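In what follows, a structure is listed as structure tokens, so that the remarks can point back to it.
The values are calculated or read from the model by the stated rules, or taken from the named source; none is laboratory data. Being a predicted model, the structure only gives us computed values, none of them experimental. Glycine also receives a Cβ, built like all others from the backbone with ideal geometry; neighbour counts cover every protein chain displayed. To get the accessible areas, we keep the full protein, side chains included, count just its heavy atoms, and leave off ligands, DNA and RNA. Shrake-Rupley method; radii C 1.70, N 1.55, O 1.52, S 1.80 Å.
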Amino acid sequence: MRLASLAVVLFLFWLGLSGRYTPFLVGAGAVTAVLCVAIAARMGVVDREGHAVHLSLAAVTYWPWLWREIAKSAWAVSKLVLSPRLPISPTMTRIVANQRTTVGLATFANSITLTPGTITAAVKGNVLTVHALTREGALDLEAGGMDARVCRFEGGA
């Protein structure tokens, strides 16, 4: 299942980048995708983390939620930066992550960094050191909403 889905994903990616759909090129793309998957399987790099197909259904709800969070944070940061008073309160905080897998932990850390106004500065074990532009942003992360959402996302792991 994982090898077949990887071949399909690679082939669709190739089709998207190609822009030309003659029978020869489509066939060459299919053969190339299958060959790449065969080589990756022989190397032993097609695993649960490298091609996390088990998270596909959870991604349907997680990605839109993350995009909304990014948009809300971008708006809040824009208002802060454009304010004549520049009411920022830079804060470093440590967040204990509750994710069970490295994919979940990486998703959590990257989601924090993708959200404007916060950045994951370091990860040690399951403790993330986060810089927030405002104390309110740090408190929001400490409340655990994003952590819980990522835990639900990785629930299929």
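Whether any residue in region 74-93 is under 19 Å from the mean Cα position of the chain (by Cα), at pLDDT below 90 and more than 19 Å from G144 (Cβ to Cβ) is what I want to check. Checked against the condition, which is being under 19 Å from the mean Cα position of the chain (by Cα), at pLDDT below 90 and more than 19 Å from G144 (Cβ to Cβ), region 74-93 yields no hits at all. Taking region 135-157 as the range and being loosely packed, with under 15 Cβ neighbours inside 10 Å and farther than 14 Å from K72 by Cβ as the test, the residues that pass are R135, L139, A143, G144, A148, R152, G155, G156.
The number of residues in region 1-25 being within 30 Å of the chain's Cα centre (by Cα) and surrounded by 11 or more Cβ atoms within 10 Å (Cβ to Cβ) comes to 15.
Taken over region 79-113, the criterion of being part of a strand (DSSP E or B) and polar (S, T, N, Q) is satisfied by T91, T93. On the stretch given as region 122-134, residues that are loosely packed, with under 14 Cβ neighbours inside 10 Å and either hydrophobic (A, V, I, L, M, F, W, C) or closer than 18 Å to K79 by Cα (or both) total 2. Among the residues of region 5-62, those that are in a loop (DSSP other than H, G, I, E, B), under 21 Å from V103 (Cα atoms) and either small (G, A, S) or modelled with pLDDT of 85 or more (or both) comprise G44, G50, A52. Restricting the first member to region 96-119 and to residues that are of a type in the set (K, R), and the second to residues that are assigned to a helix (DSSP H, G or I), the beta-carbon pairs closer than 9 Å and six or more apart or on different chains are R100/C151; R100/E154. Scanning region 26-63 for residues that are of a type in the set (V, I, T) and open to solvent by 50 Å² or more (accessible area, probe 1.4 Å) yields a count of 7.
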